[in-house]
Amino acid sequence: MELKNKKLDENIFKQIQREVLQQWPTGKDVNFDDAVNYHKSIPAKKVFSNQLKKAKQKGDTLIQPRAGVALVNEHIQLLHYLEQQGEADLLPTTIDSYTRQNRYQEAENGIIESKNAGRSLLNGFPAVNHGVELCRKVNEAVNTPVQVRHGTPDARLLAEITIAGGFTAFEGGGISYNIPYAKNVSLEKTIYDWQYVDRLIGIYEEAGVCINREPFGPLTGTLVPPCISHSVAIIESLLAAEQGVKNITVGYGQCGNLLQDVAAIRTLELLTEEYLKKYGYTDIVVTTVLHQWMGGFPQDEAKAFGVISWGAAVAALAGATKVIVKTPHEAMGVPTKEANAEGLKATKQLVTMLADQRMPLTHELENEMNIIIAETRSIVDKIFELGEGDAAVGAIRSFEAGVIDVPFAPSKYNAGEILPARDNYGAVRLLDCGNLPFSKEIIDFHREKIEERARYEKRNVSFQMVIDDIYAIGKGRLVGRPR
């Protein structure tokens with residue numbers, strides 16, 4: 001297989017499709033023409049891309065939780081609760097871990113065991129096992145657009161069934177659902193498998209059906225510098241656009257420093273649009289999502305609400321199109337529906353209060369935006385250089401070379417040589433830049449920021465800073481100061 005960023009040939013797509021739909025019995029129920037007609041019957045207010053475009057035009061920030069349970073009726077009840085009691089603007093269907101690993105028989109066993117136990121024994125909704133008709137039942141039961149959220153390196157059958165089942169948004173990508181999630185799966189395989197997913201959505205688009213696509217922004221969710229997540233988002237957007245995707249939401253995981261987070265969201269939209277246009281994709285609608293804090297949470301619920309509210313405020317002040325909401329049970333495992341709704345309501349209160357406010361473009365904010373832009377361009381331009389103009393080839397070669405490097409990722413295809421830590425004000429900087437293709441000026445900027453913190457804390461620059469920062473928010477601080 002010679003991987004290139006080229007639209008999949010129709011005959012190759014159909015050949016793969018026949019194999020994909022045979023992976024589990026529910027695949028036989030996928031009928032493209034029927035699915036297109038079904039999507040065209042969905043009310044406009046329940047189409048994900050419509051709500052995102054409207055929010056972008058109006059400058060609104062929409063709120064969306066994560067949620068999913070094993071059984072259809074219970075999942076519907078959960079979504080109803082989040083829609084009505086939680087005031088969610090957009091809904092999720094989070095997929096269970098067995099399905100994410102294409103272990104459909106074990107997911108089937110989980111459905112049976114959940115029925116016997118009278119409660120969900122899976123950590124999500126096994127959409128492949130439930131099939132097209134039951135997915136449609138879920139979508140028809142609510143008045144709000146629903147997105148498939150998961151974490152699947154090979155999401156081809158999941159995409160076929162859920163899109164035919166009426167879901168109007170699909171999360172993930174060949175890099176963002178591999179490097180942070182899998183250890184031994186090659187990028188060649190996942191990028192190729194996700195070209196199939198994106199081509200499927202492109203074919204729907206050509207038939208008049210718009211499906212929103214969202215690369216997974218936070219990656220490992222642990223001290224990820226904006227330039228790293230931006231670079232992945234831009235490459236995955238280009239890969240999706242080549243296959244015909246027209247509506248893309250790029251994401252970023254909150255790091256905690258207000259200036260850096262606002263700068264990150266604003267530059268993410270700017271840079272994604274810049275590179276899409278640069279490479280000839282001029283008709284793509286780009287929106288943004290801020291993921292509330294993805295790291296360790298305080299166990300105390302009141303303190304957890306403080307973390308949630310800070311994320312909500314950042315999303316509003318940055319002008320993110322939507323925000324993915326955390327719950328006050330984050331430190332304790334899978335939340336109750338009540339806890340999930342409480343996180344949503346706290347977020348709704350903040351984004352509504354701040355609806356008429358944006359962080360002004362101060363000198364400090366402009367400087368932060370400029371450093372993120374310079375860092376991201378240096379990485380993305382090097383990806384294209386290594387790929388000889390091809391984003392897919394460049395992505396693979398760049399991970400091999402450490403030109404793009406995700407901190408704390410499990411994948412053996414990730415160099416793991418960069419070392420992030422916070423500066424004296426809590427912004428994520430690089431204690432070690434690894435092989436990132438930065439100029440001496442950028443490397444010196446990071447070194448000085450980390451040394452400034454070391455001087456303030458009267459200690460040497462060391463890996464202990466990284467450890468302290470990872471645990472800091474769970475202990476009530478942003479910067480991991482020595483005690």
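Since every read-out is calculated from the coordinates, none of them should be taken as a lab result. Worth saying up front: this structure is predicted, and the values here are computed from it rather than measured. A quick note on method: Cβ atoms are made from the backbone with ideal geometry, for glycine too, and the neighbour counts reach across all protein chains shown.
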Original post:
Which entries of Lys6/Lys277; Lys382/Lys440; Lys54/Lys345; Lys183/Lys475; Lys183/Lys246 show an alpha-carbon separation above 19 angstrom in the structure shown?
Top reply: Lys54/Lys345; Lys183/Lys475; Lys183/Lys246
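Quick check: from the Cα gyration tensor, does region 51-203 come out rounded (a/c under 1.5), prolate or oblate? Numbers along the way, then the final one.
Values: a/c = 1.76, a/b = 1.06, b/c = 1.66.
Cα axes put region 51-203 in the oblate bin.
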**OP:** Extending each Cα 7 Å along its Cβ direction at Lys183 and Leu361, get the distance between those two points in nm, one decimal.
**Re:** 4.8
Original post:
Once you sort the root eigenvalues of the Cα gyration tensor of region 115-230 as a ≥ b ≥ c, which label holds: rounded (a/c under 1.5), prolate (a/b larger than b/c) or oblate (the other case)?
Top reply: oblate
Subject >> Shape of region 417-483, Cα gyration tensor, a/c cut at 1.5 >> reply: prolate
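Taking R0 as 56 Å, what's the FRET efficiency between Ala331 and Glu10 from their Cβ-Cβ distance, rounded to 0.05?
Values: r = 49 Å, r/R0 = 0.87.
Approximately 0.70, to the nearest 0.05.
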Subject >> Computed over region 218-320, Kirkwood Rh from alpha-carbon pairs, angstrom >> reply: 14.2
Original post:
In a Debye calculation with equal point scatterers on the alpha-carbon sites of the chain and no solvent, what is log10 I(q)/I(0) at q = 0.05, 0.08, 0.10, 0.13 Å⁻¹?
Top reply: -0.17, -0.44, -0.71, -1.24
Original post:
Calculated from DSSP H runs of 4 or more alone, at -39500 (n - 2.57) each and per residue, what is the 222 nm mean residue ellipticity of the chain, nearest 500?
Top reply: -16000 deg cm²/dmol
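If neighbour count is taken as other Cβ atoms inside 10 Å, put Leu79, Leu90, Leu8, Leu270 in order from fewest to most.
On the way: Leu79 27, Leu90 23, Leu8 20, Leu270 16.
Least to most surrounded, the residues fall as Leu270, Leu8, Leu90, Leu79.
For the chain, what is the relative contact order in percent, using Cα pairs closer than 8 Å and at least 6 residues apart in sequence?
15
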**OP:** Mind giving me the nanometre distance, one decimal, between the label points for Lys458 and Glu133, set 7 Å out from Cα along Cα→Cβ?
**Re:** 7.3
Original post:
How high is the FRET efficiency between Asn116 and Ala374 when r is their beta carbon distance and R₀ equals 56 Å, given to the nearest 0.05?
Top reply: 0.45
**OP:** For a label point 7 Å from the Cα of Lys28 along Cα→C-beta, name the residues of region 111-155 whose backbone N is under 20 Å from it.
**Re:** 127-136
